[in-house]
Every structure is written in structure tokens, then in C-alpha cells.
1. Give the number of residues within segment 362-380 that are closer than 15 Å to Ser418 by Cβ and in contact (Cβ under 8 Å) with a residue 12 or more places away in the chain.
2. Can we say Leu205 is surrounded by fewer than 16 Cβ atoms within 10 Å (Cβ to Cβ), in contact with a helix residue (DSSP H, G or I) (Cβ under 8 Å, 6 or more places away or on another chain) and either within 30 Å of Ile99 (Cα to Cα) or among the hydrophobic types (A, V, I, L, M, F, W, C) (or both)?
3. Answer yes or no as to whether Val291 is more than 11 Å from the chain's Cα centre (by Cα) and either at pLDDT 90 or above or closer than 21 Å to Arg90 by Cβ (or both).
4. Using the structure shown, decide if Leu107 is under 60 Å from the mean Cα position of the chain (by Cα) and touching a residue at least 40 places away in the same chain (Cβ under 8 Å).
5. Cβ-Cβ under 7 Å, sequence separation 6+ or interchain: first residue in segment 76-87 and part of a strand (DSSP E or B) and crowded, with 19+ Cβ neighbours inside 10 Å, partner modelled with pLDDT of 75 or more and of a type in the set (Lys, Arg). Which pairs?
6. Against the condition at pLDDT below 90 and either crowded, with 19+ Cβ neighbours inside 10 Å or in the same structural domain as Ser331 (by TED's automatic domain parsing) (or both), how does Gln155 come out, does it pass?
7. Which of the residues belonging to segment 367-412 are surrounded by 20 or more Cβ atoms within 10 Å (Cβ to Cβ), of a type outside the set (A, V, I, L, M) and part of a loop (DSSP other than H, G, I, E, B)?
8. Just for strands (runs of 3 or more DSSP E) wholly inside segment 218-329: which have at least 3 residues that are more than 30 Å from Leu107 (Cα to Cα)?
Amino acid sequence: MPEIPTIDSKLLSELHIDGAQREGREVAPARGRWIALGAVVVAAAGMALGTWWWLGTRPLAVRTATATAASASSGSTAAVLQATGYVTARRQATVSTQITGTLTQVLIEAGDRVRKGQVIARLEDSALRASLNVAQANLQTAQAQVAQAQAQLAQSEADARRQAELAAAGMLSPQAAEQARTAVATVGAQLEARRREVDAMRSLLAQAQVNFDYTIVRAPFAGVVTVKAAQVGEIVSPFSAGGGFTRTGVGTIVDMDSLEVDVDVNEAFIGQVRPQMPAESVLDAYPDWKVPSRVIAIVPTADRGKATVRVRVALDTKDARLVPDMGVRVSFFASSPAAAASSASAASSPSAAAAAPVALPGVVVPAQALATRDGRTVVFVVADGRARQRELKAVADAGAAFKRVPEGLRAGERVVLSPPAELRDGAAVSLVENDAR
């Protein structure tokens with residue numbers, strides 16, 4: 001076993017650090033580092049506190065919108081889709097003549113109302129009138145020849161009877177009686193030919209009458225004259241002339257009862273439109289007149305250049321204010337607006353065009369005013385320069401970009417649009433100048 005060495009106690013006593021050396025050389029630098037570190041921490045905390053205070057008191061710039069009273073007839077708040085288009089006439093005709101001729105009378109002016117069958121123009125008819133007179137004379141001649149043939153037939157029949165009696169008494173040869181019967185048959189055939197000539201002359205007379213009637217231009221249906229296209233003395237033809245001196249129409253007539261609206265709906269939203277869907281049309285010329293409408297049909301073709309689909313919309317109310325080619329904004333509804341009856345009664349006179357909307361409970365705000373905080377739907381109402389958070393218990397759709405709030409908000413209050421994540425209840429805010437109305 002190896003021998004364990006012994007430790008000298010004097011050597012152990014010499015192993016120590018002098019106190020002055022310990023505090024002067026080692027302790028002093030450590031203390032300085034701790035003091036510097038503490039100063040940095042205090043400065044950082046002070047800066048953070050100052051930043052927090054500055055951010056907490058600095059107003060946050062926000063955009064706002066005004067809560068409006070809910071209305072069942074408000075297209076801007078209740079429509080699921082809006083589109084623009086024009087008033088068109090389903091029944092419209094440019095009236096022309098069926099023959100080429102010179103106008104001697106034009107009996108219409110733009111804006112006139114005409115009845116179906118009303119004479120609107122006349123052509124020069126002397127040649128056709130002469131042809132009509134000739135046809136009438138030929139018919140009368142043929143009828144006279146029929147009367148002559150009838151008289152001849154009666155005489156031939158009487159002669160044939162006498163010849164037959166004499167032949168039976170032996171006073172006349174059978175050959176003479178047979179010739180008398182042949183004469184009766186011959187005259188009968190001539191009579192039938194004359195009757196066929198009368199039928200032919202009657203047809204020619206009818207043809208001449210039709211040609212003569214072509215000189216009279218009549219309204220094909222009741223409507224309003226929108227264009228007077230020709231004047232007295234001009235030549236009108238149903239065929240287009242290359243020289244440009246021949247008119248192809250007398251005027252244009254529009255059936256005002258057939259007016260409807262054609263709108264172009266973006267093909268990305270056409271799935272929201274369906275036939276018989278309730279709608280509301282507002283004319284650019286009469287922005288306060290809301291016309292109850294409905295979808296007639298979705299035309300099954302798309303415009304490749306505009307990426308739109310044409311939709312036909314019927315106007316349930318019509319009056320003199322409706323004019324073809326007027327600009328229209330159409331709002332499509334998911335269900336029929338409650339104010340349709342009021343709008344229909346107001347359409348009878350221009351002074352009563354703006355019908356009072358039917359009020360619904362609550363207010364309408366843009367959908368972007370809603371925010372979520374702690375799993376709850378809230379809005380921020382601006383009052384006295386601060387945003388006050390309000391929780392919404394119920395929210396209903398009021399169109400693609402609006403929400404109806406039955407309770408919790410009042411009409412006229414301003415709500416923050418797209419509330420930022422750092423916005424909290426009671427935060428100071430400032431309104432940007434271009435806020436939503």
C-alpha cells in the first residue's frame with residue numbers, strides 16, 4: 001500500500017488573499033459593472049414607460065361612417081346586388097312602306113301618340129289608282145258576260161225542249177233534237193268559263209286594291225312616335241338605297257307599355273340573380289323615384305369583351321317619365337321590399353314620386369365597421385374624441401356591404417370603419433377628412 005503524504009499546517013495558513021487586494025483589485029470592477037447595468041435597465045424602463053404613455057395619449061387616426069335608420073325600401077342598404085343599364089322597348093318599329101313611292105302626306109310628329117291602324121302617311125297613288133279602276137272595269141265586264149251566257153243558256157234550253165217535243169211527234173228528225181241538246185251543253189260550258197273569268201277578275205281587283213292600300217301607311221300598334229324620319233316629297237322605299245336619297249322609313253313608333261330595363265351584370269355575380277327576383281329601379285333623371293321591378297329573364301349568353309351577362313328587368317309601374325335609352329340603376333333584392341306598395345302609389349305623379357320608406361327596427365352600418373374582440377362582435381362609436389366599444393347582440397344582413405343592427409346603436413352615431421387591432425375601448429381617436437357618410 002502506498003504511503004499517504006502528510007500536509008504541513010504552516011503551508012495551509014499561508015494560503016489566503018489579502019483583504020485590501022481583494023476589495024481594491026477584484027471587487028471594485030464587479031461593482032462598477034453592476035451599477036452600469038442597472039443604469040441601462042432604468043433608462044430602458046423609462047423609455048418604455050414614456051413610449052407607452054405617448055402612444056396611449058396620442059389620437060389614433062380612423063375613418064368613420066354614420067349609422068342610418070334601416071329602411072325596407074332602401075336599395076343601397078337592402079340590395080344584394082346592384083347593376084346599371086338602360087330603359088329599352090320590347091316593342092318598337094321603324095314604320096316603312098311596302099312599295100317604293102313619293103310621300104304626299106306625313107301625318108305624324110315626334111311625340112305624337114297614335115292608335116293601331118291610324119294613318120300616318122300617304123304615297124302618290126295615281127298609277128295604282130288607275131290600275132285599281134281598270135281591275136274594277138274588267139270585273140264588271142266579266143260579270144256582264146256571265147249574264148249574257150246565262151241568257152243564252154236559258155234560250156238554248158227552251159229550244160232543246162221544243163225540238164224534243166217535235167221529234168217525239170215525228171215532225172222533226174232525231175238529229176235536230178240532238179243538235180239542240182248539244183247547243184245547251186255548249187252554252188253551259190261557256191257560262192262556266194265566264195264565271196271563272198269573273199273569279200279571276202275579282203282576284204285581280206283584290207290585288208290592285210292591296211297595291212293601292214300600300215300607298216297608305218298605318219301604325220302597326222298603339223304607341224308614341226319617337227322619330228319622324230321622312231318629309232313630304234321624299235321617296236320612301238322598303239329597300240336600302242346606296243345613293244342616300246331614298247328614305248327607308250317614315251317614323252319610329254314605341255309601345256310605351258312594353259318598356260323594360262336591360263342591365264349588364266358582371267358574370268362573377270350572375271349566380272345571385274334568378275328569374276322573378278324582386279328588384280328596384282332608379283332612373284338617373286329621377287333619383288328619388290324608386291320603381292318596383294322584377295327580373296324577367298337572364299339572357300343565356302355572355303359578352304366576352306365586358307365579361308357581363310344581360311338581364312331583362314320588368315318595370316311594374318310606368319308613366320310618362322319613362323323614356324327609352326334612359327340610364328337606370330337596378331338593385332336586386334333577396335326578398336320583395338316592404339315599400340313596393342308605397343313606391344307604386346307614388347309613381348302616379350311627379351310631385352309624389354318620393355315615397356316614404358317603411359322603417360325597420362335598428363340602424364344600418366357598413367359591414368366593415370364590425371370587429372371581433374374576445375370572441376364578441378363589437379363596433380366602436382366615436383364620441384368626444386374617443387372610441388367607445390359596444391357589443392352587438394344581433395346582426396342581420398342588409399345587402400352585400402351592409403349590416404342591420406336591431407339594437408345597440410342609434411341613427412346618427414359615427415362608427416369606426418375597419419377598426420385597427422390596437423384600438424381599445426376609450427382610446428383617443430382623430431377622424432380623417434374623407435370619412436364615409
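The values are calculated or read from the model by the stated rules, or taken from the named source; none is laboratory data. Predicted model, so just to flag it, every value in this text is computed and none were measured. Cβ atoms come from the backbone with ideal geometry, glycine included; neighbour counts cover every protein chain shown.
1. Residues flagged as closer than 15 Å to Ser418 by Cβ and in contact (Cβ under 8 Å) with a residue 12 or more places away in the chain within segment 362-380 amount to 12.
2. So Leu205 does not fit the description; no.
3. yes
4. Spelling it out, it is not the case that Leu107 is under 60 Å from the mean Cα position of the chain (by Cα) and touching a residue at least 40 places away in the same chain (Cβ under 8 Å).
5. Every condition considered, the pairs that remain are Gln82/Arg329.
6. Judged against the criteria, Gln155 is not a match.
7. Within segment 367-412, just Gly399 meets the criteria.
8. 259-266, 278-283, 290-303, 308-315
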